[in-house]
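Taking it in order: structure first as structure tokens, then the write-up.
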Amino acid sequence: MSAAGRSLHAVDAIVEDARVDVLFRQAMGRLASGVVIVTCYVDDRPWGITATACCSISVDPPLLLVSLKSSTVSASAIQRTGRFGVSLLGARALDAAKFASRPGQPKFIDDYCTPCEPEGASATPIVRHAAAHVDCAVNQAHPAADHLLFIGEVHAVLLQSADRPLVYCSQSYHGLDALGEQEQRS
Ligand SMILES: Cc1cc2nc3c(=O)[nH]c(=O)nc-3n(C[C@H](O)[C@H](O)[C@H](O)COP(=O)(O)O)c2cc1C
């Protein structure tokens, strides 16, 4: 096997027969991530997909990136409408996160959205119990393997009442406990 094909399995160990894609999946599973629901409209109804592949690109101008599998209804709808929202979930939005990650199922999220969205505050659906919602217009869409990377130009930001963030790690959801004062010091 070529050096590039070798995979680090444990500290200092190079495992010749381990597949790098399998180990890569396991490694990324150990990265604790915040959880978002990427929202859009499908047939004029709120639709959402749970995602962890989301990051800020720049503040000036405000740009954000999400990576969605190209085959999803969400990716098609976002390409078609040119708009998407990102609701950054708090722990109380766990049910919404589970609902919006069911593969192959309709993901109309009417029941999980804020009923009283301020008039015109966001062009995209806002998930209840989100710590914040970022409303974007598609600035660029780049294909990458079987995903589409959407770069969004931020048009509006709504901050909702604070909640502990929802975190995903090792194939399960977690809350975030505050560290003790001693542990917080860098
Ligand atoms: C915690 C978590 C994070 C996820 N992150 C992403 C992501 O960043 N991008 C993505 O395309 N799918 C992600 N998924 C998978 C989608 O939520 C799920 O497969 C999707 O709802 C399937 O959509 P479809 O039914 O339209 O095919 C994630 C799932 C979970 C549970």
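The values are calculated or read from the model by the stated rules, or taken from the named source; none is laboratory data. These numbers were taken from a predicted model, which means no experiment stands behind them. Here the Cβ is made from the backbone with ideal geometry for all residues, glycine too, and neighbour counts use every protein chain on show.
Summed over region 63-79, the residues that are more than 9 Å from the ligand (Cβ to nearest atom) and touching a Cys at 6+ places or on another chain (Cβ under 9 Å) give a count of 5. One residue is enough: does region 89-103 have a residue meeting the conditions modelled with pLDDT under 95, part of a loop (DSSP other than H, G, I, E, B) and farther than 18 Å from LEU166 by Cβ? Checked against the condition, which is being modelled with pLDDT under 95, part of a loop (DSSP other than H, G, I, E, B) and farther than 18 Å from LEU166 by Cβ, region 89-103 yields at least one hit. Of the residues that make up region 26-40, is at least one modelled with pLDDT of 95 or more, within 17 Å of VAL157 (Cα to Cα), under 14 Å from the mean Cα position of the chain (by Cα) and more than 12 Å from the ligand (Cβ to nearest atom)? Within region 26-40 (the criterion being modelled with pLDDT of 95 or more, within 17 Å of VAL157 (Cα to Cα), under 14 Å from the mean Cα position of the chain (by Cα) and more than 12 Å from the ligand (Cβ to nearest atom)), the answer is yes, since at least one residue qualifies. Picking from residues in region 46-56 that are surrounded by 13 or more Cβ atoms within 10 Å (Cβ to Cβ) and either in a strand (DSSP E or B) or small (Gly, Ala, Ser) (or both), the one that is nearest to the chain's Cα centre (by Cα) is ALA51. If we scan region 95-111, do we find a residue that is over 23 Å from ARG30 (Cα atoms), more than 13 Å from the ligand (Cβ to nearest atom) and not β-branched (Val, Ile, Thr)? The answer is yes; a qualifying residue exists.
Answer yes or no: is there a residue in region 137-160 that is free of Cβ contacts under 8 Å to residues at least 12 places away in the same chain, out of contact with any strand residue (DSSP E or B) (no Cβ under 8 Å at 6 or more places or on another chain), part of a loop (DSSP other than H, G, I, E, B) and over 18 Å from VAL66 (Cα atoms). No - not one qualifying residue is present in region 137-160. Taken as a whole, the condition of being in a loop (DSSP other than H, G, I, E, B), farther than 27 Å from ASP177 by Cβ and out of contact with any helix residue (DSSP H, G or I) (no Cβ under 7 Å at 6 or more places or on another chain) applies to SER71.
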